[in-house]
1. With no solvent and one point per C-alpha, what does the Debye sum give as log10 I(q)/I(0) for segment 296-376 at q = 0.20 Å⁻¹?
2. Which one of Pro184, Trp222, Ser302 is farthest out on the positive end of the charge dipole of segment 4-375, using unit charges on Cβ (Lys, Arg +1; Asp, Glu -1) and the Cα centre as origin?
3. Please give the calculated 222 nm ellipticity per residue for the chain, where each DSSP H segment of at least 4 residues contributes -39500 (n - 2.57) and the sum is spread over every residue; nearest 500 deg cm²/dmol?
4. Along the Cα→Cβ direction, 7 angstrom out, place labels at Lys123 and Asn243. What is the inter-label distance in nm?
5. Counting other Cβ atoms within 10 Å, which trypsin sites (Lys or Arg not before Pro) in segment 78-162 have at most 12 and lie in a DSSP loop?
6. For Leu336 and Lys188 in one chain, what is 0.36 nm times their gap in residues minus the Cα-Cα distance, to one decimal in nm?
7. Report the percentage of all Cα-Cα pairs in segment 39-134 whose separation exceeds 20 Å, rounded to a whole percent.
8. With +1 on the Cβ of every Lys and Arg and -1 on the Cβ of every Asp and Glu, and nothing else charged, how large is the dipole of the chain about its Cα centre, in debye rounded to the nearest 20?
Amino acid sequence: MISKSKIFSIAFLFIISIEGVSQKLNPSFSLNGYVKYLPAYMDYSFFESENNHLIHNRINFRGYFGDNLSIGLELRNRVFFNDIPSIQGDDGLVNMSYFIVREDNFVFNSMIDRLWLKYQKDKVEISIGRQRVNWGVNTIWNNNDLFNAYNFIDFDYIERPGSDVVRFIYTGDNLSSFELVYMPNERKGYALAGLYKLNSFGYDFQLLAANYFNDIVLGGGWAGNIKNAGFKGELSYFFDKENIENSLSFSSSLDYSTKNGFYFLGSYLYNSNGMNESNFLSLININANVLSPKNLMPSKHSYLLQVNKPISPPLNMSLNILYGKGIKLLYISPSLSYDISSNLDAGVIVQYFYLDNFGDFKNLLKGYYLQLKYSF
């Protein structure tokens with residue numbers, strides 16, 4: 001297992017080498033990001049209601065040293081006040097989450113969720129550091145996303161989490177590629193995974209194999225079309241090294257766009273480790289920021305329908321309906337977004353959670369969110 005000190009040493013030497021040649025390589029830099037204000041009101045059936053405010057700032061920095069060498073640094077700054085929600089810690093190899101202020105009714109948290117060094121030449125790419133490794137194929141549930149599994153209900157974190165990895169990519173001919181990723185973890189050991197992509201019969205296919213901490217994983221995915229509808233799917237099978245419990249995670253989806261602007265997406269998820277009984281803790285699990293690829297939903301069978309429609313050029317509507325069959329959880333989320341200008345937009349998001357209680361659906365949570373975002 002690579003220690004923190006070795007990771008820092010490698011990164012430091014790499015940065016020194018950059019400094020040594022930067023004057024000859026004519027470096028260039030870019031900076032962008034956004035500032036978002038998100039007030040929220042949550043009404044719990046069994047608890048008191050909450051009213052909190054979030055100011056969310058993101059800064060994305062890139063440095064380019066010639067044609068082959070680049071660096072990336074991305075910061076996620078969040079200020080919460082009034083009723084403070086729980087804030088997930090940093091599970092990476094290096095803790096890069098910092099509380100600038102931490103009071104009862106005011107929290108200022110800053111987190112580095114991207115920090116990488118990358119070398120590219122011809123068909124080879126090598127990178128080290130915190131980065132997004134997106135192996136998913138589906139729009140909603142990504143069973144092949146071993147390194148960055150996420151919960152789509154967390155609409156505020158569109159960038160998704162990153163992982164502390166060493167990554168190698170080789171791009172071949174005819175849309176083929178091979179990728180190898182190594183991720184050390186001080187508590188769980190390490191993950192070493194390979195992904196091969198190819199195109200055949202008009203479909204994009206991928207195959208993966210991994211030593212994934214306490215499991216051996218085999219899986220794959222596909223993306224193509226059935227007539228005018230998009231057809232995607234992916235699965236991962238986890239072989240438990242201690243023969244305690246193997247598991248299968250599978251999802252598929254169909255999506256279709258009509259001539260008058262409607263977009264429909266239907267998706268199904270199977271989780272062999274999912275629950276078949278109602279449980280109030282299901283609500284807590286589903287609303288977590290980061291989930292395991294073995295447990296993308298707490299229910300054994302989950303179904304989702306998404307409808308999007310532009311009402312006018314600046315105004316768009318969306319509706320998500322999710323049903324977890326095993327735990328009998330119903331999630332409904334309508335939203336409206338409005339583009340005020342090229343760099344300013346606003347939105348309204350509503351979230352309802354219902355749980356079956358002896359044949360009667362009870363509303364557990366109502367969430368109302370306003371969103372004002374300025375991009376720079």
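Every number in this text was worked out from the coordinates using simple rules, so none of it is lab data. Please read these numbers as outputs of a predicted model, since none were measured by experiment. Reconstructed Cβ throughout: ideal geometry from the backbone, glycine too, with neighbour counts over all protein chains shown.
1. The Cα Debye sum returns log10 ratios of -0.91.
2. Selected residue: Trp222.
3. Calculated at 222 nm, the ellipticity per residue is -2500 deg cm²/dmol.
4. It works out to 4.3 nm between the two label points.
5. For trypsin sites (Lys or Arg not before Pro) across segment 78-162 that sit outside H, G, I, E and B with at most 12 neighbouring Cβ atoms in 10 Å, the list reads Lys123.
6. Numbers: separation 148, 0.36 × 148 = 53.28 nm, distance 4.15 nm.
Stretched out fully, the Leu336 to Lys188 stretch lengthens by 49.1 nm.
7. The calculated P(r) of segment 39-134 puts 52 percent of pairs beyond 20 Å.
8. Working: 32 positive and 34 negative charges, 141 e Å.
That gives the chain a dipole magnitude of about 680 debye.
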